[in-house]
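The values are calculated or read from the model by the stated rules, or taken from the named source; none is laboratory data. The shown structure was predicted, so the numbers you read here are calculated from the model rather than taken from an experiment. Every residue, glycine as well, gets a Cβ built from its backbone with ideal geometry; the counts of neighbours run over all protein chains shown.
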Amino acid sequence: MLPLALVLAAGPLQVLPSPIAPAAPQVRAVSQSGTNCSTTAETELVAKRVAAACDHRVEVTAQRTETTLVYANPNGTMTAEAALKPQRVRRPDGSWVPTDATLTRASDGAVIPVASFLPIRFSGGGTGPLARISKGDKELSITWSGGPLPAPRLDGASAIYPNVFPDVDLRVTADVDAFSEILVVKTRKAAANPAVRRVRFATATKGITLATDPRTGALVAKAGSNVVFSGATPMMWDSTAAVATVAESRTANRPPEQVTSSAEGGAAADRHGLPDRRSAMRTELAAGRLTVLADTALLDDPATVYPVMIDPSVAGGAFHWAMLWKEYGNTSYYDVGCVNCNSQEEQSGLIRVGYQNFSGVSTIRSFFEMDTRSIVGKQVLAARFSMTQSWSGSYCGGPSYPTLLYATDPLYSGITWNSAWNMNYYGAMGANSETRFYNSGSCPQGRVEWNAWDSAAYAASTGLGSMTMALVAEQEWDRNSWRRYQLDPFLSVDYNSYPGTPDDLRTASTAQETGAACVTGSGRPYVRSLTPVLKAHVTDPDSDVLRATATLRVWNPATGAFVADSTIEASNAPANSVAQFTTRTLTNGSTYSWHVQTNDTHADSPATAECEFTVDTTRPAAPQTISSTAYPADGSFHGGVGRTGSFTITPGTGDSADLAAYVWALTPLTTPPTDGTRTISPLAADHSATLLLTPTIGGLNTLRVWSVDKAGNITTTAAPKEYQFLVGDPTEPDGSWTGGDAAGAAQLADDAGSHPAAATGVVFGVPGRLLEGPTAARFNGTSSQAVTTGPVIDTSGSFSIAAWVRPTAAGGNRGVVSIDGLHTSVIRLGSTGTTWWVKGANADVASPLLSGPTNGTVRLNTWTHLAATYDASTAMLTLYVNGEAGGSTSWYPPAAATGSLAVGRAKTADAAAEYFAGDLAEVRVWDRKLQAAEVGASVATLVGSWSLDGNGSDDLGLHDTSAGPGVTWGPDRFGTPGSAVVLSNAAGSYLTASGPVIRTDQSFTVSFWAYLPSPQNAPAAFSVAGNRFSAFELFTTSSGRWYFTRYAADQDNPTSSSMWATGPIGQWTHVVAVYNATAAKSSLYINGVRTSATSTLAGWASSLPLMIGTSTVNGSRLGNFPGSIDDVQVYQGAMPPSQAAAL
């Protein structure tokens, strides 16, 4: 038989057992602390905790890769174990499975490995590609050119295609990241076939370029300059070693411990290990065709012992290895899959190191590229390189020379003994002299290891993702140095993560303060404590508990340098925490420098840069003077509430250089702030400051000012500089346009002054927001507007704008009130989309920048109160919707308006725009800032008030009530006789107002006091009647709950929206109900305590009177209130929470 083999390999052929495997996710036990002692954990932090608690190492599954496993050790260190070859692959569902090159048939008939690192597919027979391998989006496929392939027979990792030529089989073998092709020629006659001597394959590539190495003949596939697939020199060899193995079987099969001489043992060991006759081959590559040229001299030599093997290879792994063979100096064994592919190489080992002369002469060094990505930037504590040793040149217990491990220059594709003449070897890191054999009982095959600290530490410190190491025999001329190993190298590294450099260094006067950032030189901070607190944020990638040390130095004026002072230690500082150091008692007026360093018991962090500070515990004097032209201290009233004025502050004598700020308090405030507010910085030139203030209280006001120095020392609280002045009362609006003008009017009359607004397209006389109030003005959303003939208020100072609006259309921008400039509205109150807004322009130009807050929702056909205020002292615009502020936004710099006030539109790009659609009423402007209470007071209008002091008359004289049978008068909550109505369960025992009082489909507020002597089932204290059902009602239950319920329609059993709150039983109870139609929210206050709920039910507008003490249910008066009711008040509008709670 004459077998001839052609091998195309993309990596080593063997799939060897890994000495490490991912731990199964199991719970071994429970520690004394109650920790579940699993052998795996998702994160490093959890793994370290479990390892410490359970005293065993724990794998960090989040760091698991195809080649590397990372473990947390009980002592707080970490271990990374990296293999050269992929040991596991990740499934699409995220699970991991061991690599398995065993072939199986896919559903489409192709042949694939069970679990490979790279996608590999072999032909199931026919004319398609013989083999295909992919790496990302790169792909190489090889197609047999000898015609259609027969269906293969599967044998483990190999697929055998019989008789591809007469007496010639083709074998392809899978690895986890590679494949090989072997052409087996069975007879000498078959070897004479020209197709065997020039074996052709078609090639196809995707994203790569295929070439041959001109030095070695090895195949290489590149994407640009990056090698994607590569291989060794194509080789062919005969079967001399196999025949010799049979002849030497008597000796070779004896255990090595029974061999008594080195010569005998070595000869037996490798008679089958090295081929006696081998030859390098050439390849030709052109236009998608690869041709392998066999050495015809070897094929035709009568001394050749068949079979003969021919072996070109291609590899696609992430990490590589190579043998350098002195006697084959121009042959590359880079990622070679096998040397004797028909020998017992799986038993005795593929990797060779050292010298042998048992079968020819060989001098070999082996190199390995190991993954070090997981240890980059780490502190390497120990490192071990290990492999399985399967054969030795010496016998058990015989003479043995060590094999040395070196760090070397990187590997490269196509490397040979001759090309590596200038390879650098950076000193031997470790040595191993063990003698092991796969068939021995006394020195059996097993893992041997070398110290690899130098390589691992170098990779960690320089950021290299891989390191190349070489095994070299110390006595490279003695056959007792000969070793063979399995292709299963591992690099195991114990490491620690260096603590991070502490950051965010701060110097504080107290532990509670954040402190000043790290600064040196003239900008250094001052502290007002003799025992300041130094702070630093400490980190550690391993989440270790750290020891932090602050080193303090003091400035020596005599030497002009900092000198050692003291060290302060903060032990047990958790990672990612702030370590705090309280200094010894320091000297007032001295300057200090400090830095911080941490230690995690294994390594120190880098030290931080220096930080400096100066100690100053002396309080500054109060300001020398305060003056104001707007509010002079002359005993007369000036300005007014809400009007901004400026106040000039000058520094106290001798304190200018140290002055950092002034803080102030204006009536009703009397003490300095503690939250960083009410602060103003002095001018650098003269250390004075000009303070803008807006008084909130009329009459005598006192401005108190304290000085603050750079250390934060403040003038004694009881000794500020005081300035007293008189503030005028709040002024009336500067413009007031109610909109209640007669139908057909040509202008909006100004009830406050002389600024009528000429109307265009405005309809007057439409119903207003109150049933019995003034009418409103209607705007069409396209052209309606009312414009004054000139300015009304000055927008460069404080001001306010308010209006009642009932929008009938939304979308886009719509102006309610605007104050125009030459080119644009300097200020505009209105809506954008479905949100209310107020916007100020930064300049009077056609397209200015606008800034301002938004608030609330535009609710169509709903009366809503809008108010915007601007405080010139803070440059803040605030927008209120129905009396509730929605936040403030800075408007700076404000632009001064020079034009008219417009109602119903805005101005943009020199033209009227943003027209409002709907009804407007009670438009007002002030040249001062309204207080929140003033805004709130405008929101809810009292439309009915019944004190019920002996009769049912309306205090407003509008809607007196009539009393039914059984109505009497009794004591009120103060015990005053005849001051509250007393009702009963008798039919008709309730009060009925004359005519409708409020619009129930709009916002409203109801307030009353009620007393129910004993628990009752759902008696109604207040309602607005309907023909079939009340529009809303307020009733209580036997459990003390008060319900505020609104109904959707005047019909039997309508849909309702209800909320409740609990009150006392048998006591006078104050009840306030608020419906905010704009916000779609109901609120119920029981004795001033608010409960609120969203209420999207629209409700209905009742035209019937309100009722005290009963409700309408399915056309009947039911639920009479058998108790007392007093002080009933009804408002049109949703009273803001602060005012509703205070009713």
Identify, from the list GLY393, GLY397, GLY441, the residue that is within 18 Å of SER366 (Cβ to Cβ), over 47 Å from the mean Cα position of the chain (by Cα), assigned by TED's automatic domain parsing to the domain that holds GLN356 and touching a residue at least 24 places away in the same chain (Cβ under 8 Å).
GLY393
Region 752-835: strands (runs of 3 or more DSSP E) wholly inside it with 1 or more residues that are assigned by TED's automatic domain parsing to the domain that holds VAL858 and under 53 Å from the mean Cα position of the chain (by Cα) are 776-780, 785-787, 799-807, 813-820, 825-832
Tell me the residue from THR608, THR587, THR582 that is β-branched (Val, Ile, Thr) and buried (at least 16 other Cβ atoms within 10 Å of the Cβ), please.
THR608
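Quick check on region 1078-1100: of everything there that is of a type in the set (Ser, Thr, Tyr) and within 11 Å of ALA1140 (Cβ to Cβ), which residue is modelled with the lowest pLDDT?
Kept after step one, since they are of a type in the set (Ser, Thr, Tyr), are these residues of region 1078-1100: 1078, 1082-1083, 1085, 1091-1092, 1094-1096.
Narrowing the set further to residues that are within 11 Å of ALA1140 (Cβ to Cβ) leaves 1083, 1085, 1092.
Details: SER1083: 94, TYR1085: 96, SER1092: 82.
Out of the qualifying residues, it is SER1092.
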Scan region 530-550 residue by residue and report those that are out of contact with any Gly (no Cβ under 9 Å at 6 or more places or on another chain), in contact (Cβ under 8 Å) with a residue 60 or more places away in the chain and buried (at least 17 other Cβ atoms within 10 Å of the Cβ).
ALA536, SER543
Residue that is nearest to ALA921 (Cα to Cα) [pool: residues in region 808-835 that are surrounded by fewer than 19 Cβ atoms within 10 Å (Cβ to Cβ) and of a type in the set (Ser, Thr, Tyr)]:
THR808
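So which of ALA743, ALA758, ALA752 ends up being at pLDDT 95 or above and either of a type outside the set (D, E, K, R) or surrounded by 17 or more Cβ atoms within 10 Å (Cβ to Cβ) (or both)?
Working: ALA743 fails: at pLDDT 95 or above; ALA752 fails: at pLDDT 95 or above.
None of the others qualify; the one that does is ALA758.
Go through region 492-508 and report how many residues are within 13 Å of GLN379 (Cβ to Cβ) and assigned to a strand (DSSP E or B).
Let us first name the residues in region 492-508 that are within 13 Å of GLN379 (Cβ to Cβ), namely 493-500.
From what is left, the residues that are assigned to a strand (DSSP E or B) are 493-497.
Result for region 492-508: 5.
Does at least one position in region 1071-1088 carry a residue that is more than 29 Å from GLN931 (Cβ to Cβ), outside the structural domain of TRP863 (by TED's automatic domain parsing) and surrounded by fewer than 24 Cβ atoms within 10 Å (Cβ to Cβ)?
In the first step, residues of region 1071-1088 are kept if they are more than 29 Å from GLN931 (Cβ to Cβ); the result is none.
Checked against the condition, which is being more than 29 Å from GLN931 (Cβ to Cβ), outside the structural domain of TRP863 (by TED's automatic domain parsing) and surrounded by fewer than 24 Cβ atoms within 10 Å (Cβ to Cβ), region 1071-1088 yields no hits at all.
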So LYS138 passes all but one of these: (1) closer than 30 Å to GLU44 by Cβ; (2) touching a Lys or Arg at 6+ places or on another chain (Cβ under 8 Å); (3) of a type in the set (Lys, Arg). Which condition number does it fail?
(1)
Residues of region 110-145 that turn out to be more than 25 Å from VAL89 (Cα to Cα) and surrounded by fewer than 18 Cβ atoms within 10 Å (Cβ to Cβ), as a count:
5
Output for Cβ contacts, cut-off 6 Å, separation at least six or different chains, first residue farther than 16 Å from ALA456 by Cβ and touching a residue at least 60 places away in the same chain (Cβ under 8 Å) in region 359-386, second β-branched (Val, Ile, Thr) and part of a strand (DSSP E or B), reads ARG365/VAL472; SER366/ILE351; SER366/VAL353; PHE367/THR468
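Yes or no: GLY465 in contact with a Lys or Arg (Cβ under 8 Å, 6 or more places away or on another chain), surrounded by fewer than 19 Cβ atoms within 10 Å (Cβ to Cβ) and at pLDDT below 95?
Details: in contact with a Lys or Arg (Cβ under 8 Å, 6 or more places away or on another chain): yes; surrounded by fewer than 19 Cβ atoms within 10 Å (Cβ to Cβ): yes; at pLDDT below 95: yes.
Against the criterion (in contact with a Lys or Arg (Cβ under 8 Å, 6 or more places away or on another chain), surrounded by fewer than 19 Cβ atoms within 10 Å (Cβ to Cβ) and at pLDDT below 95), GLY465 qualifies.
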Does THR173 meet the test of being touching a residue at least 40 places away in the same chain (Cβ under 8 Å), polar (S, T, N, Q), assigned to a strand (DSSP E or B) and surrounded by fewer than 16 Cβ atoms within 10 Å (Cβ to Cβ)?
no
Step by step: first the residues of region 440-451, then only those that are touching a helix residue (DSSP H, G or I) at 6+ places or on another chain (Cβ under 9 Å) and surrounded by 16 or more Cβ atoms within 10 Å (Cβ to Cβ), then the one that is nearest to TYR333 (Cα to Cα). Which residue is that?
GLN445
Confirm whether VAL336 is crowded, with 24+ Cβ neighbours inside 10 Å, touching a residue at least 12 places away in the same chain (Cβ under 8 Å) and hydrophobic (A, V, I, L, M, F, W, C).
yes
Options ALA383, ALA473; residue that is under 25 Å from VAL336 (Cα atoms), of a type in the set (A, V, I, L, M), at pLDDT 95 or above and not assigned by TED's automatic domain parsing to the domain that holds ALA211
ALA473
What residue, among those in region 961-970 that are of a type outside the set (A, V, I, L, M, F, W, C) and surrounded by fewer than 22 Cβ atoms within 10 Å (Cβ to Cβ), is farthest from ASN1087 (Cα to Cα)?
PRO965
Out of the residues in region 496-505 meeting the condition of being of a type outside the set (Asp, Glu) and over 14 Å from SER593 (Cβ atoms), tell me which one is surrounded by the most Cβ atoms within 10 Å (Cβ to Cβ).
PRO499
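Would you mind stating whether ARG905 is of a type outside the set (Ser, Thr, Tyr), within 46 Å of the chain's Cα centre (by Cα) and at pLDDT 95 or above? Show your work before the answer.
Working: of a type outside the set (Ser, Thr, Tyr): yes; within 46 Å of the chain's Cα centre (by Cα): yes; at pLDDT 95 or above: yes.
So ARG905 fits the description; yes.
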Of the residues that sit in region 971-1013 and are of a type in the set (Gly, Ala, Ser) and within 14 Å of THR1069 (Cβ to Cβ), which one is surrounded by the fewest Cβ atoms within 10 Å (Cβ to Cβ)?
SER1007
Going through region 145-162 in order, the residues found to be farther than 22 Å from ASP100 by Cβ, out of contact with any Lys or Arg (no Cβ under 9 Å at 6 or more places or on another chain) and in a strand (DSSP E or B) are LEU149
When PHE358 is evaluated against the numbered criteria (1) at pLDDT below 95; (2) under 23 Å from LEU411 (Cβ atoms); (3) not aliphatic (A, V, I, L, M), which criterion, by number, is the only one it fails?
(2)
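State whether the residues of region 55-64 include one that is over 30 Å from the mean Cα position of the chain (by Cα) and more than 25 Å from PRO541 (Cβ to Cβ).
First, the residues of region 55-64 that are over 30 Å from the mean Cα position of the chain (by Cα): 55-57.
With more than 25 Å from PRO541 (Cβ to Cβ) added as a condition, the list becomes none.
No - not one qualifying residue is present in region 55-64.
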Give me the residue from region 836-849 that is crowded, with 18+ Cβ neighbours inside 10 Å and either over 18 Å from LEU920 (Cβ atoms) or at pLDDT below 90 (or both) and, out of that set, farthest from the chain's Cα centre (by Cα).
ASP844
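What are the residues in region 672-702 that are touching a Pro at 6+ places or on another chain (Cβ under 9 Å) and surrounded by 12 or more Cβ atoms within 10 Å (Cβ to Cβ), if any? Lay out the reasoning, then the answer.
Of all residues in region 672-702, those touching a Pro at 6+ places or on another chain (Cβ under 9 Å) come to 672, 678-679, 682, 686-689, 696-698, 701.
Answer for region 672-702, where residues must be touching a Pro at 6+ places or on another chain (Cβ under 9 Å) and surrounded by 12 or more Cβ atoms within 10 Å (Cβ to Cβ): PRO672, ARG678, THR679, PRO682, HIS687, SER688, ALA689, THR696, ILE697, GLY698, ASN701.
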Return the residue satisfying two criteria in turn: it lies in region 506-529 and is surrounded by fewer than 16 Cβ atoms within 10 Å (Cβ to Cβ) and in contact (Cβ under 8 Å) with a residue 24 or more places away in the chain, and of such residues it is nearest to THR582 (Cα to Cα).
ALA511
Just to be sure I understand, how many residues within region 989-1005 are at pLDDT 95 or above and on the phi > 0 side of the Ramachandran plot?
0
